[in-house]
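Participant: Before we start, here is the structure in question, set down as structure tokens.
The values are calculated or read from the model by the stated rules, or taken from the named source; none is laboratory data. Please read these numbers as outputs of a predicted model, since none were measured by experiment. Please note: Cβ atoms are built from the backbone with ideal geometry, for glycine as well, and neighbour counts cover all protein chains shown. We work out accessible area using only protein heavy atoms, side chains counted, and drop any ligands, DNA or RNA first. Shrake-Rupley method; radii C 1.70, N 1.55, O 1.52, S 1.80 Å.
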Amino acid sequence: MTPRRRDPLPGFGLSLGVTLLWLLGLVLIPLLALLLRPLELGPAGFWHSVTEPRVLAALRLSFLGALAAAAATVPPGLLVAWVLVRYRFPGRRLLDGMVDLPFALPTAVAGLALTALYAPNGWLGAPLAALGLKVAYTPLGVVLAMAFVGLPFIVRTVEPVLRDLPREAEEAAATLGASRAQTLWRVVLPALAPALLAGFAMAAARAIGEYGSVIFIAGNMPMVSEIAPLLIVVRLEQFDYAGAAAVGVAMLALSFLLLLALNLVQRLWRRA
Amino acid sequence: MSVAVRGLTRRFGPTAALRDIALETRPGEFVALLGPSGSGKTTLLRILAGLDFADSGTVEIEGQDMSAVPARARRLGFVFQNYALFRHMSVFENVAFGLRVRPRAARPGEAEIGRRVRALLERMQIGALERRMPEQISGGQRQRVALARALAIEPRLLLLDEPFGALDAEVRKGLRRWLRDLHTEMGLTSLFVTHDQEEALELADRVAVMEAGRLVQIDTPERLVEAPATAFVAGFLGHAARLPGRLAEGALHFGGVPLPPLPRAALRAAPAQDGPVLAFIRAHEWAVAPAPEGEANATLRSQRPAGGHAHVELDLAGHVIEAEAPLGLLRVGQPCRLVPQTARAFAA
């Protein structure tokens, strides 16, 4: 018998066991159930179910909308993080707390508030409508709601990195003759890029799955402003459980591919 | 390249970081700003670079007033204490940065940038590292990269903030000598900040000693050691024992320690007026000899060989005194007679 190797960090077996059990119960089994359900349809039935024009339109809106919303959130998120980290002003803590509101607010409340604001007779909706820009009940409204819930992700991932960014790097750039814009572009932004991408990925992932805040402002017109999660609910209400699960599987696969791609970009960046 | 600073004052809230600083450097000079932490030396360096701003006073570089010139237009090389390399750029790109950000008309071509950067890296003896990232190289190598980056813009003046602060003793010694040679070979004018008196005395042509925001003395290392202008300079340089005393009746009388009075003629420096003073006595300015119990005034605490003599530490009525003695003359615990041969006295 070989003597047991002493581990300087004991408890590995136990902690891994608990973790796996946890993952199994909360993630793997439900996911497996989701994957198994559409099997009832058979391969052809599954394919037919997820390639219906209405499903494709909903998936397109959910994914492209989420990407657009996440991208649109990056500049304001970066700006908010910058202001929070770099300046001291009265009300900074208040602003700091407000950033997390989209996290804490029940999504339905956010959705109703946004709808009221951007509806054709709302405070912002009315003047925008006068300019010929319709927000509520259009894909634009969907993107707006998605951007609203995504903002905290960008701010909270960029903030710690920005705080750790040494001021000396910017000062060094200045002494080397760089203008402020050159310093931001060549020194600050590249240092923040990995955090921005991580925030972008999280905001996009959240936006893809977002339901409550989107459905009120979306208007949910099939083929136009209907998101994929809503379509799942619609199918559930029609007792088409396998069809609902099929859309779920399609979303799962697309989300997985998206996150994989973003991960790949990150890895390439790190190597460059 | 000459710098002239006049009447420079900088306050941070109620505390003055710099008070009425006046300083001039000559072309080709290597000047050290020496002082304990918090004496304002780094603030002065940052104001010269345009990274901080004086509340009053002027900075002139080559006769041109710098008050309206932003840091990026001053063309001064600045080496930061922690180097502040751009972490996401290779060594090559770090050094090339200052050339790449030039306005298009003044920007050298890609081939020219490559040629200049490589020449600098060679000169810094880090030519093989050009593709490495800053986190992949050692502290001493980072320091050289920071220097190369600062030199790439062909600065009119090189400013270094604690250039050896983050390095271990061995690397520090080697780099010191190398930096001194580089300064001479490249004909630079340099100003560096340090709190290490040996570093300042070894490297600099002239040393400016700072105390609590004031520049108390600027002189060559020899003059500084031989003729310190104030008690602070005398205490800060040259490892001297500091003893309170009194000048009266043509002699220095020590207070609280059993030492014989020193006649005024034996003192290297003394105020003209009689009165209370602080006396500074360096290790080699003492005479030590074993003595019988009745004549002894000190006890040997420890000793270690240093060159041709022993470096000894004695207990003089509770004061620890460093002195030099012949090797093998004394034993630890032995009663001794300790007599100062000379001293520098400053009005207390």
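Participant: Going through the DSSP H helices of chain A, which span 15 Å or more along their own axis at the Cα atoms while scoring at least 1.6 as a mean Kyte-Doolittle hydropathy? Intermediate results must be reported in sequence, preceding the final value.
Facilitator: Numbers: long enough: A:12-23 (16 Å, 1.90); A:53-86 (49 Å, 1.44); A:107-118 (16 Å, 1.64); A:139-164 (38 Å, 1.30); A:189-209 (29 Å, 1.53); A:241-271 (45 Å, 1.28).
Within chain A the helices that satisfy the rule are A:12-23, A:107-118.
Participant: With charges only on Cβ, +1 for K and R and -1 for D and E, what is the dipole size of segment A:43-271 about its Cα centre, in debye, rounded to 20?
Facilitator: Details: 17 positive and 12 negative charges, 117 e Å.
In debye, rounded to 20, segment A:43-271 gives about 560.
Participant: When the helices in chain A are scored as -39500 (n - 2.57) per DSSP H run of 4 or longer and the sum is shared across all residues, what 222 nm value do you end up with, to the nearest 500 deg cm²/dmol? Kindly include the intermediate steps, with their values, before the conclusion.
Facilitator: Numbers: 15 runs with 201 residues, N = 272.
Using -39500 (n - 2.57) per qualifying helix, the result is -23500 deg cm²/dmol.
Participant: Just order B:148-154, A:141-147 by mean Cβ neighbour count inside 10 Å, highest at the front, would you? Write out the running numbers ahead of the final one.
Facilitator: Numbers: B:148-154: 21.6, A:141-147: 26.9.
Order by mean packing, descending: A:141-147, B:148-154.
Participant: Residues with beta-carbon under 12 Å from that of residue A:85, excluding residue A:85: net charge, scoring Lys, Arg +1 and Asp, Glu -1? Walk me through the intermediate numbers first.
Facilitator: On the way: positive: A:86, A:88, A:92, A:156, A:163, A:167; negative: A:96, A:159, A:164.
Around residue A:85, the charge tally is +3.
Participant: If you take the beta carbon distance between residue B:111 and residue A:263 as r and set R0 to 45 Å, what does 1/(1 + (r/R0)^6) give as a FRET efficiency, to the nearest 0.05?
Facilitator: Working: r = 37 Å, r/R0 = 0.83.
The formula returns an efficiency of 0.75 here.
Participant: Still on this structure: Could you check the spin-label model distance between residue A:92 and residue B:202? Points 7 Å from the Cα along Cα→Cβ, value in nm.
Facilitator: According to this spin-label approximation, the distance is 4.2 nm.
Participant: What ratio of Cα Rg to 2.2 N^0.38 Å holds for chain A? Don't skip to the end; give the middle numbers.
Facilitator: On the way: Rg = 22.8 Å, N = 272, 2.2 N^0.38 = 18.5 Å.
The value comes to 1.23.
Participant: For segment A:72-228, calculate the relative contact order in percent as a whole number, restricting contacts to Cα pairs under 8 Å that are 6 or more residues apart. The partial results should precede the final answer.
Facilitator: Values: 183 pairs, mean separation 54.5, N = 157.
Relative contact order for segment A:72-228 comes out at 35 percent.
Participant: Calculate, in whole percent, how much of the Cα-Cα pair population of the protein assembly as shown lies beyond 38 Å. Mind dumping the intermediate values first?
Facilitator: Working: 109822 of 191890 pairs.
Here the long-distance tail beyond 38 Å is 57 percent of all Cα pairs in the protein assembly as shown.
Participant: Using a 1.4 Å probe on the protein chains only, how many percent of the accessible area of segment B:239-347 belongs to carbon and sulfur?
Facilitator: Values: 2850 of 5360 Å².
The computed percentage sits at 53.
Participant: May I ask you to derive the relative contact order of segment A:184-272, considering only C-alpha pairs under 8 Å and at least 6 residues apart, and to give it as an integer percent? Present the calculation step by step, with values, prior to reporting the outcome.
Facilitator: Details: 36 pairs, mean separation 23.6, N = 89.
This gives 27 percent for segment A:184-272.
Participant: Points 7 angstrom from Cα along the Cβ direction at residue B:135 and residue A:18: gap in nanometres?
Facilitator: Rounded to a tenth, the inter-label distance reads 3.0 nm.
Participant: Scan around residue A:219 for amide H atoms under 5 Å from its own, H built in the peptide plane at 1.01 Å from N, and keep only partners 5 or more places away or cross-chain.
Facilitator: Hits under the 5 Å cutoff: A:137.
Participant: With a point put 7 Å past each Cα toward its Cβ, work out how far residue B:306 is from residue B:322 in nm, to one decimal.
Facilitator: Simple spin-label model gives 0.5 nm for this pair.
Participant: Between residue B:118 and residue A:164, what's the calculated FRET efficiency when r is the beta-carbon distance and R0 is 30 Å? Round to 0.05. Each step should come with its number before you reach the end.
Facilitator: Values: r = 32 Å, r/R0 = 1.07.
Approximately 0.40, to the nearest 0.05.
Participant: Still on this model: Have a look at segment B:3-226 and give its Rg and Dmax from the Cα atoms, expressed in angstrom.
Facilitator: Gyration radius and largest Cα-Cα distance of segment B:3-226: 17.5, 53 Å.
Participant: Same structure again: Taking chain B as the reference, fit the longest principal axis to its C-alpha atoms, fit the long axis of helix B:139-151 to the helix C-alpha atoms, and give the angle between the two in degrees, 0 to 90, nearest 10.
Facilitator: For B:139-151 against chain B, the angle is about 60 degrees.
Participant: Looking only at other chains, what is the average number of their beta-carbon atoms within 10 angstrom of each beta-carbon in B:91-103?
Facilitator: Taking all residues of B:91-103 together, the mean is 3.
Participant: Given the protein assembly as shown, what percent of its DSSP beta bridges are antiparallel, to the nearest 5?
Facilitator: Numbers: 59 of 76 bridges.
Looking only at bridges with both residues in the protein assembly as shown, the antiparallel portion is about 80 percent.
Participant: Please work out the C-alpha center-to-center distance from segment A:122-182 to segment B:200-216 and express it in whole Å.
Facilitator: 48
Participant: Take the Cβ-Cβ distance between residue A:116 and residue B:53 as r, set R0 to 51 Å, and report the resulting FRET efficiency rounded to the nearest 0.05.
Facilitator: Details: r = 49 Å, r/R0 = 0.97.
The computed FRET efficiency comes out at 0.55.
Participant: When DSSP assigns beta bridges and you keep just the ones with both residues in chain B, what percent turn out antiparallel, to the nearest 5? Intermediate values should be presented prior to the final figure.
Facilitator: Details: 59 of 76 bridges.
Just about 80 percent of them are antiparallel.
Participant: Using the Kirkwood radius over Cα pairs, work out the Stokes-Einstein diffusion coefficient for segment B:239-347 at 20 °C and 1.002 mPa s, in µm²/s as a whole number. Working shown, then result.
Facilitator: Values: Rh = 14.1 Å.
Rounded, D is 152 µm²/s.
Participant: Using a 10 Å cut-off on Cβ to Cβ distances, tally the other chain neighbours for every residue of A:190-203 and report the average as a whole number.
Facilitator: On the way: counts 4, 4, 1, 1, 1, 0, 0, 0, 0, 0, 0, 0, 0, 0.
Mean shielding count: 1.
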